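Undergrad: Have a look at the structure that comes next, please.
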Amino acid sequence: MLIHLHIRDFVIVDQLDLEFGAGMTVVTGETGAGKSILIDALGLTLGERADTTLVRPGAEQAEVAATFDVSRLPTVSDWLNDESLAEDGECLIRRVISVQGRSKSWINGRPVTLQQLKVLGDLLVDIHGQHEHQSLLHRAAQRALLDSYGGHHTLCRSLSEAADRWRRLQQDYQQLHRSQQERSERRELLAYQIEELEALALAPGELPDIEAEHARLANAEQLLAACEQARLALYEADDQNIATSLAQTQASLEPFTALDSRIDEASELLGSCSIQIQEAVRAIRDAVDALEMDPQRLQWLDQRIGIIQDLSWKHRVAPEELPGLLENLRGEWRSLETENNRLERIGGELKQAETAYRELALSLRESRRSAAKLLSAAVTERMQSLAMEGGQFDLSLEALADEKPLATGWDHVEFLVSANPGQPLRQLNKVASGGELSRISLAIQVVTTGNAQIPTLIFDEVDVGIGGGVAETVGHLLRQLGESRQVLCVTHLPQVAAQGHHHLAVSKLSQEGTTTAAISPLVDADRIGELARMLGGNEITAQTEAHAREMMERAQEA
C-alpha cells in the first residue's frame, strides 16, 4: 500500500510530504482548492503522461516520489526481482519533470522507462474516475477480475502451462516437418555413399601395401631381366664375372701381404667384397624365386587403386581418410533416422497437448460462465443502491476461434453496463458519466474485494450527481472496502467524508500574486469543522457542527 508521498514544485504545490495509513482516506476541500492535485501527482509516478504545465511557475522542475509497502505483495515483489529493482519490503518510485519537458524516472534509485512505471503502477494502484489509469476499462483486467472472482487461479495456471507446452511442441513439429524433405533426400544420398564405401571395404593401412604390390607386379619383367643380368655379372658368367675377378686379384696379392701392411689391408677388403657379392647374389635369387607373373592380380590391383582414387576425389578427402569417412556417414544417417522418429513422437505428443489444452479451455469456459452470472447479479444488485435504480451489469463471454493455444483461454470477456432503465447494455468504457463509471467501479470492487489483487484503490468524483441516502451508502461501501484494501477518495459530500478512517483537507492560499496549495491531515475538532463546512458552507452554526459530530459518531459506530 501507499505509505508516503513527496511532492515538490508540482502545479501549485511548493513542497508537501504526506503519510498514508491503511483503511479509507478521504480528501476534501473547497471547489477549486486543487483536490485532484494529489491524484494527479500520484498518477504521474504511475506512468501517466508528463506535461511542462505541471511544473510550478518559477521552478526548474517538478518532483514526485511515492513510497509503497510491498512486503505482502508477492506479485509486485516477483516483478521487482525480475527487473532487478527489488529492495527489502519497500518500493520508492520517483519522477522528475523539467521545465524544458524532459522526464526522468527511478524505481528504488535505479533509472527506469515509462513503460516499466506503467507496468508497476498497474500492480500497485487502481484509479477510478475520469483518468487514464483505470484497469477495469481494460479487457485483460476484466478477464482477470472474473477469474479471480471465480477462483480460477489453479485452472488458469494449468491452462497457461498447457498453452506453453502446445506452442513449444507446435514449433518443434513445424520445424522438423519443414526439413523432412531435405532429410529424406540427404538420407538417400547417404545410403548410396555408404553402400559405395562398404563395397570398397578399405581397411586402415591397406593402400600402401597394395600400391607396393602393384608396383612390383607392374615391373616384374624388367625386374627379372635386371636380376638375371646382375647375377651373371656378379657370379654366373662363364667367361668372366666380378666374383671370379675379385678372387683372382686377392690371390695375386696374397704372397705380398706380409711385406706391406697396406697390401694386407687391401687383400682383406677384397675378401669382404667377395662375401658381400655372394650375399647379394643370394638375395637376387630369393627375389627371383618369389616373383610371380600374375596379370589378373595386376589388373585387379589397377582397378582397386582406381576406385580408391575416384572415391577420394569424389568426397574430397585423402584416400587414407575413407574408412573414417564411412563411420561419419553412418553416424549422420543414424542421426537423420532419429530425427524422423522424433517427428513421429512429437506429432503424437502434439495431439495429446492440444487435447489437454482444449479440455482445460472448455472447463474454464464453463466455470467462467457460472462465475459471470453470479458476478453480474451481485454487481447489478449493488448498483441499485448507488443512484442507478434499474441499472444492469452484465459480463459478455464470446467464444474465440479455437485454433491457437492462448494462455488465457478461448474466451473474450467484456463488462457491459446499462446505468439507467431502458438504456441498452454498453461497454464499460463507453459509459458517459464519470460519476457513474466510478460508482459502477465501486460496486465491482466491493463485490470482488475478497478476490482483489491491487492493494490501493483511488476513487475520484465517485459521488458526482448523488446525495442524501445514496451518498451515505457510497461512503459506507467505501469504508467497507477500506477494511481489506487501502482506499483514497476525493469527495465533496460530507456523508462520504464522514466514513473515512483518515481525513486530508486541501486548501489554497493566494499571497503576493502567488497561489499555493496545502494538504493537511485532520483529526477530532478540525475534522468536525471540515464536515460542518461541507454541510453548511461558509456559515457554520452550532446546528451544523452537531450534525457533523453526529455523522462522525454514526460512521464510527458502523
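Please treat every number below as a calculation from the coordinates, not as lab data. Quantities reported herein were computed from a predicted structural model and do not represent experimental measurements. Every residue, glycine among them, receives a Cβ derived from its backbone with ideal geometry; neighbour counts consider all protein chains shown.
Undergrad: Quick check on my link table: of LYS430/LYS508; LYS35/LYS430; LYS118/LYS430; LYS351/LYS373; LYS118/LYS404, which ones sit more than 30 Å apart, alpha carbon to alpha carbon?
TA: Where the Cα-Cα span goes over 30 Å, the pairs concerned are LYS430/LYS508; LYS351/LYS373.
Undergrad: For region 450-558, just say rounded, prolate or oblate: build the C-alpha gyration tensor, square-root its eigenvalues into a ≥ b ≥ c, call rounded for a/c under 1.5, and beyond that prolate if a/b exceeds b/c, oblate if not.
TA: oblate
Undergrad: What net charge do the residues around SER520 carry, taking every other residue with its C-beta under 15 Å from that of SER520, with Lys and Arg at +1 and Asp and Glu at -1?
TA: Net charge in that neighbourhood comes out at -3.
Undergrad: List CYS91, CYS489, CYS156 from most exposed to least, where exposure is judged by having the fewest other Cβ atoms within 10 Å.
TA: Final ranking by Cβ density, sparse to dense: CYS156, CYS91, CYS489.
Undergrad: Roughly how many debye, to the nearest 20, is the charge dipole of region 183-335 about its Cα centre, given +1 on each Lys and Arg Cβ, -1 on each Asp and Glu Cβ, and no other charges?
TA: Dipole size: approximately 760 debye.
Undergrad: Moving to a separate point now. For region 518-524, just list the computed ³J(HN,Hα) in residue order, Karplus coefficients 6.51, -1.76 and 1.60, θ = phi - 60°, integers in Hz, with x standing in for Gly and Pro.
TA: Values, residue by residue: 10, 10, 10, x, 10, 9, 6 Hz.
Undergrad: Here's a follow-up. Compute the helix-to-body angle for 139-149: its Cα long axis versus the longest principal axis of the chain, expressed 0 to 90° and rounded to tens.
TA: 80 degrees
Undergrad: So what's the gap between the Cα centers of region 1-61 and region 380-442, to the nearest angstrom?
TA: 31 Å
Undergrad: Sticking with this one: Could you give the spread of the C-alpha atoms of the chain along their three principal axes, from largest to smallest, in whole angstroms?
TA: Between the extreme Cα coordinates on each principal axis of the chain lie 167, 60, 38 Å.
Undergrad: Work out from phi, with θ = phi - 60° and the Karplus expression 6.51 cos²θ - 1.76 cosθ + 1.60, the ³J(HN,Hα) of each residue of region 507-515, listed in order in whole Hz, and give x for Gly and Pro.
TA: After applying 6.51 cos²θ - 1.76 cosθ + 1.60, I find 10, 10, 10, 10, 8, 6, x, 10, 10 Hz.
Undergrad: Quick one: helix 114-124 against the long Cα principal axis of the chain, what's the angle to the nearest 10°, folded into 0 to 90?
TA: 60 degrees
Undergrad: Under unit Cβ charges (Lys, Arg +1; Asp, Glu -1), what dipole magnitude, rounded to 20 debye, does the chain have relative to its Cα centre?
TA: Working: 52 positive and 85 negative charges, 758 e Å.
That gives a dipole near 3640 debye.
Undergrad: Where does the chain land at 222 nm, in deg cm²/dmol rounded to the nearest 500, when only DSSP H runs of n ≥ 4 count, each adding -39500 (n - 2.57), divided by all residues?
TA: My calculation for the chain gives -18000 deg cm²/dmol from helical runs alone.
Undergrad: Further question on the same structure: So how tilted is helix 206-218 from the main axis of the chain? Cα-based, degrees 0 to 90, rounded to 10.
TA: 30 degrees
Undergrad: Per residue Cα convex hull volume for region 183-335, in cubic angstrom? It would help to have the intermediate numbers written out before the result.
TA: Values: hull volume 22.1 nm³, N = 153.
Value for region 183-335: 144 Å³ per residue.
Undergrad: Can you work out ³J(HN,Hα) from phi for every residue in region 153-159, in order, using Karplus 6.51 cos²θ - 1.76 cosθ + 1.60 and θ = phi - 60°, giving whole Hz and x for Gly and Pro?
TA: 4, 5, 5, 5, 5, 5, 5
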